[in-house]
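Report on one structure; see the data block that follows.
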Amino acid sequence: MKVFDLHCDTLSELRRAEMRGDGQTFARNNGHIDLEKLEKGDYMLQCFAAFVNLADPTPGADPLVTALEEIDVFKRMMERYSDRIAPVYRPEDIRKNAEAGKISGMLTIEEAGCCKGSLGVLRRMYELGVRMMTLTWNHENELASPNVVPGNGPIWPCMPNTETGLKEKGFEFLAEMERLHIIADVSHLSDKGFWDIAEHSTRPFAASHSNCRALAPHCRNLTDEMIRVMAEKGGLVGLNYCAGFLDDQPSPGLCRSTTALMAKHAAHFKQVGGIEIIGLGSDFDGIGGKLELSDCSKMPLLADALRKEGFTEDEVEAIFFRNAQRFFENNL
C-alpha cells in the first residue's frame with residue numbers, strides 16, 4: 001500500500017553523518033529512513049524537514065546556515081538518485097513522479113526561526129523548494145512561542161502555553177506563506193499560537209506530527225477542539241510514532257510506541273474530526289526508544305493494526321496516502 005509521510009528528520013541526521021564522516025548515506029544507513037527502506041515500504045511521498053535547533057551548542061552555529069546545509073543535502077539526494085526519487089514543487093509533480101516509478105520527496109522546514117524574521121529569506125526558501133514549515137520548534141523565535149520549552153519545567157504531563165502565540169512578525173509570515181502556498185504547520189506551536197493561526201488563516205493548515213491529547217497528555221498533541229477546527233478548515237494531521245505522544249503512562253520512560261496505540265489515536269481523530277483529517281507523520285530519525293515500527297519498511301504492521309481497530313480498507317488507504325495526496329494537490 002502506498003505511503004505519504006508528512007515529517008521526518010533524516011536530513012539533519014545525514015548532515016551530522018557527513019560532518020562525522022561515518023559513511024552513512026541516503027541510499028542505505030542505520031537510521032529509520034533510507035532509499036532502500038522507502039522502496040521496500042512502498043512510499044509514494046516523503047516530506048523531508050530541514051530541522052534547526054536554535055539552542056545548538058556547536059560553536060559558531062547559525063540557524064540559517066544549518067537550514068541551508070540540510071537543504072543542500074536534500075538537493076544532492078534528489079540529484080544523485082534522480083532515477084528513484086524526485087522533488088515535488090507543484091501538485092502535478094506527485095502524480096508525474098509516481099507514473100515514472102519514482103518516490104516523491106517534499107522539502108519542509110521545522111523551525112521558521114532559521115529565516116531570522118526575514119520575509120526575503122522566506123521567499124528564497126520557497127524558491128529552494130520549501131512547501132511546508134512549522135513556525136517554531138521548541139524555542140521562542142521572532143515569529144511565535146512553542147508549547148514545549150527545554151529546561152522550563154516538566155513536560156509530562158505538560159501545561160500547554162495558552163498565553164503567548166504569534167507575534168507581529170509571525171502574522172506577517174503567515175500571510176506571506178499563504179500567498180506563496182507554503183503550508184503552515186502547527187506542530188510544536190503553542191496552544192495560543194494554534195488559535196491565532198486558526199483565526200487568521202485563509203488556507204488549510206497542517207499538524208505534520210501530532211497526536212490526540214485526549215489519549216496522551218503531552219502538550220504537543222491536539223485537543224479535541226483543535227481537531228474539530230482543523231477538520232472544519234480542511235486541515236491534515238500526521239500520526240506521530242513517538243512513544244511520548246502515543247501513550248498515557250505516568251512518566252515518559254514507561255511510554256510505548258506500538259501500532260495498536262497509533263490505531264487508537266487514528267480512531268479518536270476519526271471520531272472527533274472525521275476520517276479525512278488523518279495522515280501519517282512518523283517523526284522518523286527524530287525519535288528514539290523502542291519502536292514497533294522500527295523503520296519505514298515496516299508499514300504493513302500499521303495497516304494491520306488499523307484493520308484490527310475496525311478501519312475499512314478504504315479508510316486505511318485514506319490514512320496511508322489518499323488524504324495527504326488530496327491535501328497537497330489542493331494546497332500546494
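Being open to solvent by 10 Å² or more (accessible area, probe 1.4 Å), at pLDDT below 95, more than 17 Å from residue 130 (Cβ to Cβ) and outside any strand (DSSP E or B) is a description that applies to residue 58.
Evaluate segment 118-126: report whether one residue or more is free of Cβ contacts under 8 Å to residues at least 24 places away in the same chain and polar (S, T, N, Q). Taking every residue of segment 118-126 in turn, at least one turns out to be free of Cβ contacts under 8 Å to residues at least 24 places away in the same chain and polar (S, T, N, Q).
A count restricted to segment 219-262 and to residues that are open to solvent by less than 30 Å² (accessible area, probe 1.4 Å), farther than 23 Å from residue 308 by Cβ, assigned to a loop (DSSP other than H, G, I, E, B) and out of contact with any Pro (no Cβ under 7 Å at 6 or more places or on another chain) stands at 1. Of the residues making up segment 6-26, those that are in contact with a helix residue (DSSP H, G or I) (Cβ under 7 Å, 6 or more places away or on another chain) and open to solvent by less than 30 Å² (accessible area, probe 1.4 Å) are 6, 11, 12, 14, 26. For residue 266, the conditions (1) in contact with a strand residue (DSSP E or B) (Cβ under 8 Å, 6 or more places away or on another chain); (2) farther than 27 Å from residue 13 by Cβ; (3) not β-branched (Val, Ile, Thr) all hold with the exception of (2).
In this structure, is residue 137 without any contact (Cβ under 8 Å) to a residue 40 or more places away in the chain, of a type in the set (Phe, Trp, Tyr) and open to solvent by 10 Å² or more (accessible area, probe 1.4 Å)? For residue 137, the condition - without any contact (Cβ under 8 Å) to a residue 40 or more places away in the chain, of a type in the set (Phe, Trp, Tyr) and open to solvent by 10 Å² or more (accessible area, probe 1.4 Å) - is not met. Filtering segment 256-289 to residues that are more than 18 Å from residue 222 (Cα to Cα) and among the hydrophobic types (A, V, I, L, M, F, W, C) leaves 260, 284, 287.
Entry remark, segment 87-132: residues being within 18 Å of residue 14 (Cα to Cα) and open to solvent by 10 Å² or more (accessible area, probe 1.4 Å) number 1 in total. Inspect segment 156-174 for any residue being closer than 20 Å to residue 277 by Cα, among the acidic types (Asp, Glu) and more than 15 Å from the chain's Cα centre (by Cα) and give the result as yes or no. The answer is no, given that none of the residues of segment 156-174 is closer than 20 Å to residue 277 by Cα, among the acidic types (Asp, Glu) and more than 15 Å from the chain's Cα centre (by Cα). A single entry from 40, 75 fulfils the requirement of being farther than 24 Å from residue 238 by Cα, modelled with pLDDT of 95 or more and open to solvent by 30 Å² or more (accessible area, probe 1.4 Å): 75. The condition of being touching a Leu at 6+ places or on another chain (Cβ under 9 Å) and closer than 24 Å to residue 177 by Cβ holds for residue 135. Any residue at all in segment 319-331 that is surrounded by fewer than 24 Cβ atoms within 10 Å (Cβ to Cβ), modelled with pLDDT of 95 or more and outside any helix (DSSP H, G or I)? No; the residues of segment 319-331 include none that is surrounded by fewer than 24 Cβ atoms within 10 Å (Cβ to Cβ), modelled with pLDDT of 95 or more and outside any helix (DSSP H, G or I). Applying the condition of being open to solvent by 10 Å² or more (accessible area, probe 1.4 Å) and either in contact (Cβ under 8 Å) with a residue 60 or more places away in the chain or touching a strand residue (DSSP E or B) at 6+ places or on another chain (Cβ under 6 Å) (or both) to segment 197-212 and asking which residue is nearest to residue 159 (Cα to Cα) yields 204. Only one entry in 293, 301, 306 is outside any helix (DSSP H, G or I), of a type outside the set (Gly, Ala, Ser) and either at pLDDT 95 or above or open to solvent by less than 10 Å² (accessible area, probe 1.4 Å) (or both), namely 293.
The values are calculated or read from the model by the stated rules, or taken from the named source; none is laboratory data. Predicted, not measured: the structure shown is a model, and the values here were computed from it. Please note: Cβ atoms are built from the backbone with ideal geometry, for glycine as well, and neighbour counts cover all protein chains shown. Side chains included, ligands, DNA and RNA excluded: accessible areas come from the protein's heavy atoms. Shrake-Rupley method; radii C 1.70, N 1.55, O 1.52, S 1.80 Å.
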